[in-house]
Amino acid sequence: MTASLPESPSLETIVNLAKRRGFVFPASEIYGGLRSSWDYGPLGAELLRNIKDEWWYSMVRSRDDVVGLDSAIIQERQVWQASGHEESFSDPLVECSHCNKRHRLDKLKDPNICPDCGSKGTFGEAREFNLMLQTYLGPVADAGALAYLRPETAQGIFINYENVRRTMRLKLPFGIAQVGKSFRNEITPGQFIFRTREFEQMEMEFFCRPAEAQRWHEYWLQERLQWYLDLGMNPDNVRLRPHEPDELAHYAAATSDVDFKYPWGWDELEGIANRTDFDLKAHSELSGQDLRYFDPEANERFYPYVIEPAAGATRAALAFMFDAYHEEEVRGEKRVVMRFHPKLAPIKVAVLPLSKKDELLADTEAVAGALRTRHNIEVDVTQSIGKRYRRQDEIGTPYAVTIDFDTLEDRAVTVRDRDSMEQERVSIDQIAAYLDARLRV
Ligand code: ATP
């Protein structure tokens, strides 16, 4: 008997599972940990890579109108002056005069009450706190050597717009996509990997004619929502939400978020903005380089508009973990299963000999050898088979292949499906094709 327990997991449940099973560890743990920094363990590194690969495939490789880029994290300081980040990439900071804790005013439930000590009316005037992380280039830490770690990958795209357009001979509309680390000196990082000072983004700038911008905005909203659904996200857990005018970033004419239902409520997963011609124009003005697009048919020059789907890869890893988590009761026992889509699952197939006895190991190696070059597999020979299944369920491995004593006679193995727990006998010569058909979906 299988019964699904209805509650979605708490943040603590996911943090514990992530640490216990090797998805995410606290950074600098042996030194007591660095608050809000996290390291991705073997399974988390696979999950994160799979998310980025799926994004890259869907946004770049499977399309004719988008190309990729990998620009530097540290750029000339003027980039951040032109983009407006040095001036206005800030959050309103308030400090409680009772407990001295600092908070982001716009994220407080009640702007008069300190969520740490409960004091009322203890916040002074809000001050704007710039989120860019600073560093100094070269041996002397003076103002001339000041540089920033990028707070978004987007600007690397805008400053390469002309290089990319020219070398790839692109015509509007076209997109430039980039995946990589970004840094923000967040006032209140937290909720595990939801908001960190160092994180990974997956951003695409889609350049189009101004008159077509709204249509492309609509198009990308649907595309991006569908991407999460295609990767198995429960439709009840994702939604599109248009921004209120007072929420808009300094560069945006309109933005909608893809929101996810986290344990603390609906919150952002990805933002899809109409950045208008703000960035190309600003970089043209400050650099003196004409970044207008020349349309030979109309014989005119203009600044393209930009639609930007901007997703967090690390934040998506968290959302996919919440979404995948299920608890069930199986024959009176609790089963925890991560129902990751096969494309996202860190390990696709577990190869499990029923015993460590030598006679089973030759067939185990034969099966593993046939699968290893096609999928990320794990061979596990320790512990009872029940415990090994439980571990594979908890890390979300879609299939387990068991080699038992019958294998020696019938040259077949048992394949167990993670979700249905059904078992099927498949001959060793068919196992690679059997799993290919189910995993390459
Ligand atoms: P917020 O309002 O939550 O601070 P934002 O609206 O400033 O975020 P964007 O600038 O739109 O965020 O960034 C695009 C995406 O990058 C976000 O949807 C999120 O997935 C990711 N992201 C932004 N900041 C962080 C962070 N500090 N930690 C992890 N991911 C982040």
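Values computed for the structure shown
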quantity: Residue match in the range 297-308 (condition: modelled with pLDDT of 95 or more and closer than 19 Å to GLY232 by Cα); calculated: no
quantity: Enumerated strands (runs of 3 or more DSSP E) restricted to the range 391-430, each holding at least 1 residues that are closer than 14 Å to ALA345 by Cα; calculated: 399-403, 412-417
quantity: Enumeration of residues in the range 147-175 that are out of contact with any Ser or Thr (no Cβ under 8 Å at 6 or more places or on another chain) and either aromatic (Phe, Trp, Tyr) or at pLDDT below 95 (or both); calculated: TYR161, PHE174
quantity: Residue ID - farthest from the ligand (Cβ to nearest atom), chosen from residues in the range 250-277 that are outside any loop (DSSP other than H, G, I, E, B) and among the acidic types (Asp, Glu); calculated: ASP259
quantity: Selection from the range 299-316 of residues that are within 16 Å of the ligand (Cβ to nearest atom) and farther than 14 Å from ASN274 by Cα; calculated: ALA311, GLY312, ALA313, THR314, ARG315, ALA316
quantity: Within the range 278-298, considering residues that are among the aromatic types (Phe, Trp, Tyr) and outside any helix (DSSP H, G or I), the one nearest to the ligand (Cβ to nearest atom); calculated: TYR293
quantity: Condition met for ILE395 (farther than 17 Å from PRO353 by Cα and in contact with a helix residue (DSSP H, G or I) (Cβ under 6 Å, 6 or more places away or on another chain)); calculated: yes
quantity: Those residues of the range 308-367 which are part of a strand (DSSP E or B), charged (D, E, K, R) and in contact with a strand residue (DSSP E or B) (Cβ under 9 Å, 6 or more places away or on another chain), in sequence order; calculated: GLU308, GLU327, GLU328, GLU329, LYS334, ARG335
quantity: Selection count, the range 117-157, where residues are in contact (Cβ under 8 Å) with a residue 60 or more places away in the chain and either assigned to a loop (DSSP other than H, G, I, E, B) or aromatic (Phe, Trp, Tyr) (or both); calculated: 6
quantity: Number of positions in the range 237-268 that are within 18 Å of the chain's Cα centre (by Cα) and either outside the structural domain of GLN191 (by TED's automatic domain parsing) or not hydrophobic (A, V, I, L, M, F, W, C) (or both); calculated: 10
quantity: Any hit, the range 163-178, residues being in the same structural domain as GLU300 (by TED's automatic domain parsing) and within 13 Å of the ligand (Cβ to nearest atom); calculated: yes
quantity: Residue match in the range 21-32 (condition: within 28 Å of ALA249 (Cβ to Cβ) and either surrounded by 16 or more Cβ atoms within 10 Å (Cβ to Cβ) or in contact with a Ser or Thr (Cβ under 9 Å, 6 or more places away or on another chain) (or both)); calculated: no
quantity: Residue in the range 107-114 that is in the same structural domain as GLY180 (by TED's automatic domain parsing) and buried (at least 17 other Cβ atoms within 10 Å of the Cβ) present; calculated: no
quantity: Meets criteria (β-branched (Val, Ile, Thr), touching a His at 6+ places or on another chain (Cβ under 8 Å) and not assigned by TED's automatic domain parsing to the domain that holds GLU422) for VAL79; calculated: yes
quantity: Check on GLU162, part of a helix (DSSP H, G or I) and touching a residue at least 24 places away in the same chain (Cβ under 8 Å); calculated: yes
quantity: Residue in the range 181-193 that is within 16 Å of the ligand (Cβ to nearest atom), in a strand (DSSP E or B) and over 21 Å from ASP279 (Cβ atoms) present; calculated: yes
quantity: Count - residues of the range 142-162 that are more than 16 Å from the ligand (Cβ to nearest atom), over 25 Å from TYR305 (Cα atoms) and either aromatic (Phe, Trp, Tyr) or surrounded by 12 or more Cβ atoms within 10 Å (Cβ to Cβ) (or both); calculated: 3
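The values are calculated or read from the model by the stated rules, or taken from the named source; none is laboratory data. On a predicted model such as this, the values are computed, not experimentally measured, just so you know. Cβ: placed from backbone, ideal geometry, glycine included. Neighbour counts: every protein chain shown.
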